[in-house]
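Shown next, in C-alpha cells, is the structure this report addresses.
The values are calculated or read from the model by the stated rules, or taken from the named source; none is laboratory data. Keep in mind it's a predicted model, so treat the numbers as computed, not measured. Using ideal geometry, Cβ is built from the backbone for each residue, glycine included, and neighbour counts are taken over all protein chains shown.
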Amino acid sequence: MEPRRGCFRGVPDVRWISIAAAEARAVQVGLMRVLFLSTWFPFPLSQGSKIRAYHLIKAIARNHDSALVSFADTQLDQSWADHMRQFCSQVRLVERDPFATSSLGNIRGWFSLHPSFVRSAYSKEMASVVRQFSSQWRPDRIVVFTFVAGPYALAVDDVTRVIDVDNFMSRMMFEAYQEAIGVNAKARRYLAWRKFLHYEKWLYHRFDRCLAVTGHDRALMSSQLGLDPDRICVIPNGVDTVYNRPTDDPPDRYTLVFNGSLMYDANYDAMMYFLREVFPAIYDRCPCIKLTITGKHDGVPVDRLPHAERVKFTGYLDDIRPVVRRSWACIAPIRMGGGTRLKILEAMALGTPVVSTSKGAEGLGAIPGEHLLVADDPREFAEKTISLLDDLQLRQSLSIHASKFVQDRYEWKMIGERFESIVGRSRF
C-alpha cells in the first residue's frame, strides 16, 4: 500500500486517506473517532507540551481511530509527519505560528475582555479547517491541547469536547503579578491576570471535561473558575522510563544541568533567579562548577543572565539524555507556573538527582530527602546543591529511589490508560 502523506511545506504531492475509507474502518472495528486539535505539532519531542500531547495521542490510537489538526508552529520535516501517521489516520496542518500577532490585533485586544494575544492570534483558517474536516469525518470526541486551540473546538456542534489544561494560565499570571516590582509593572500584570481569568472562565465552561495536571491545579480551577470538580479530571505528566533510563556511565563531578527551554517564561525566570541569587554561593565554594542549560533560546536575551559567561547554552538537542546523565545534579529552581515538571521526571528517570524549589516539585508527591532535595531560600538551595556535589552516597541514594519512584507512578503507559478511560466514557 502506498504510504499516506500529509500537508507539509515543500511536499507538493499531497494525498489523504479518503474519508470514506476511514469511516468504513471505524464501522468495521467499532472504533471511537477522536479528533485532536494541537497548538504545536506534537513531534519531535522538543518541549514539555509536545511530549504530553504525543503520549496522550499515542494512548488513544492504541484502540481508537484518531485524527490530528495542528498548527505548523515551525518548519516541519517530512519524517515527522510519517512518524505521526503511525497514530493518526489523518493529519492536517495550518501553516501559521499560533502565537503570531499583529499590531492592529494587539490594539483591538486592549479594548477586549479577552487577552490581547488571544484576540490577535486567532486564526480564521484554523477555524475553517476544523469545521470542514469535522463535518466530513464526524468525530465522537474532540480533544484540545491548550487554551490556544480551545476556541476552534467550539465551532463544531454535537460532539463531546475535552480540553487539556497543561498550564493554568490565570494562576501563572497572578503569580507574575505578585512578583512584579513597581506600580506600572503591577498594573500591567494585574490587568493581564484579570483578562486571562475572565477568558479561562468563558472557555473552560464550554467543554464537557477539563484535564488538570495535578490535584492542586484541579482544586484551583474549581474554586477560581467556578467549574464543577466532577468535570475536572487529573491526568499527570509522565515519562517514558524505557527510553529514559539510567546507565552505568559515571557522571562528571561538579556539573549541573537545567534541562528546559529559556523561551518559556517560567524557565527564564528560574535561571535569572538561580544565577543571580544561588550560583555565586556555589561558585565561591566550588570554582570548578559548570552549569549547562539545554533547549531552544531563540530571541531570548541570555546575555542579560548573570554570570552568563560561565554557562554553556547547548540550544536545541535531538537527544538531551547524554547531557542529563553526565551531570552530577539537575537543578529546578522554578518559582512560577503550575502542573508538574517533565524536566524533573526525566532527570529522575535518568538517574540524575534533582535539587528543586517547592514550586518545582509541586504536585509530584516526591519525598524531600528521599527522592529529591528541596529548598526555597537561595542560601539553602546553594547549601543543598553543594552537599550533593560533595556526597557520593547521597547522590547514589537519591538516584536509586527517584528512578524507582517515577517507574512506579509516572510511566506514560499507565497515565495513557487513565486518559483513554476518561475520553472513552459513554456519559459525560
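Listed here are the residues, each with its yes/no results for (1) among the hydrophobic types (A, V, I, L, M, F, W, C); (2) touching a strand residue (DSSP E or B) at 6+ places or on another chain (Cβ under 7 Å); (3) closer than 20 Å to Tyr54 by Cβ.
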position	(1), (2), (3)
Met348	yes, yes, yes
Gly351	no, no, no
Val355	yes, yes, no
Gly365	no, no, no
Pro368	no, yes, no
Glu383	no, no, no
Leu388	yes, yes, no
Ser403	no, no, no
Phe419	yes, no, yes
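Residue by residue through region 277-307, note down the ones that are of a type outside the set (Val, Ile, Thr) and either under 26 Å from the mean Cα position of the chain (by Cα) or closer than 16 Å to Asn259 by Cβ (or both). Once the filter is applied, which keeps residues that are of a type outside the set (Val, Ile, Thr) and either under 26 Å from the mean Cα position of the chain (by Cα) or closer than 16 Å to Asn259 by Cβ (or both), region 277-307 yields Lys290, Leu291, Gly295, Lys296, His297, Asp298, Gly299, Pro301, Asp303, Arg304, Leu305. Applying the condition of being in contact with a helix residue (DSSP H, G or I) (Cβ under 6 Å, 6 or more places away or on another chain) and surrounded by fewer than 24 Cβ atoms within 10 Å (Cβ to Cβ) to region 372-387 and asking which residue is farthest from Ile400 (Cα to Cα) yields Pro378.
The set of residues in region 369-396 being free of Cβ contacts under 8 Å to residues at least 12 places away in the same chain, closer than 14 Å to Val278 by Cβ and of a type in the set (A, V, I, L, M) is empty. Can you confirm whether Ala219 is of a type outside the set (Asp, Glu) and farther than 25 Å from Pro42 by Cα? When the stated conditions are applied, Ala219 passes them.
Looking only at region 105-121, filter to residues that are assigned to a helix (DSSP H, G or I) and aromatic (Phe, Trp, Tyr); which one of those is modelled with the lowest pLDDT? Write out each step before concluding.
Initially, region 105-121 is screened for residues assigned to a helix (DSSP H, G or I), giving 105-110, 116-121.
Imposing the further condition that a residue be aromatic (Phe, Trp, Tyr) reduces the set to 110, 117.
Details: Trp110: 62, Phe117: 75.
Out of the qualifying residues, it is Trp110.
Out of all the residues in region 122-160, which are among the basic types (Lys, Arg) and either modelled with pLDDT under 95 or surrounded by fewer than 21 Cβ atoms within 10 Å (Cβ to Cβ) (or both)?
Within region 122-160, the first condition is being among the basic types (Lys, Arg), and the residues that meet it are 124, 131, 138, 141.
Those that are among the basic types (Lys, Arg) and either modelled with pLDDT under 95 or surrounded by fewer than 21 Cβ atoms within 10 Å (Cβ to Cβ) (or both): Lys124, Arg131, Arg138.
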